[in-house]
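What follows is a short report on a single structure.
The values are calculated or read from the model by the stated rules, or taken from the named source; none is laboratory data. All figures in this text were calculated on a predicted structure; none of them were measured in a lab. Don't worry about glycine lacking a Cβ; one is built from the backbone with ideal geometry, like all the others, and counts go over all protein chains shown.
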Amino acid sequence: MSLEMLLAQFDGLLQTPADVEKLNGAILQWAVEGRLVPQCANDDPASWLLKQIVSAKDELEDVRKSKRNQQVKPISKDEVPYILPPTCLTDKTQNGVLSKT
């Protein structure tokens with residue numbers, strides 16, 4: 001069924017809830033096929049966009065892995081900005097204080 005045919009016979013086609021479900025499926029199919037709006041000739045193909053997404057995802061994963069493997073250097077006594085209880089350890093993370101267990 002084409003969009004034009006649907007619009008011409010819209011009132012007669014939607015009589016039951018099942019008809020509405022069929023319409024939802026048809027609209028979704030048209031959207032996937034790119035038939036709901038005019039396609040821009042300047043748009044990049046989906047395969048190129050998918051490659052860009054995979055590349056960006058791989059870069060983020062590499063950054064995460066490198067951060068995960070970084071060793072945190074201990075803070076010297078001169079770098080501690082305040083007096084800590086003896087049961088605390090310090091490191092150079094954003095958290096600032098690690099509890100000693």
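A count restricted to the stretch 44-69 and to residues that are surrounded by 10 or more Cβ atoms within 10 Å (Cβ to Cβ) and at pLDDT below 75 stands at 0. Assess whether residue 19 counts as being over 30 Å from residue 4 (Cα atoms) and either outside any loop (DSSP other than H, G, I, E, B) or modelled with pLDDT of 90 or more (or both). Answer is no for this residue.
For the stretch 73-86, the condition of being in a helix (DSSP H, G or I), at pLDDT 75 or above and on the phi < 0 side of the Ramachandran plot holds for none of the residues.
What is the residue count in the stretch 26-43 for residues that are without any contact (Cβ under 8 Å) to a residue 12 or more places away in the chain and surrounded by 10 or more Cβ atoms within 10 Å (Cβ to Cβ)?
First, the residues of the stretch 26-43 that are without any contact (Cβ under 8 Å) to a residue 12 or more places away in the chain: 27-29, 31-34, 37-43.
Now narrow it down to the ones that are surrounded by 10 or more Cβ atoms within 10 Å (Cβ to Cβ): 27-29, 31, 34, 43.
Residues meeting the conditions: 6.
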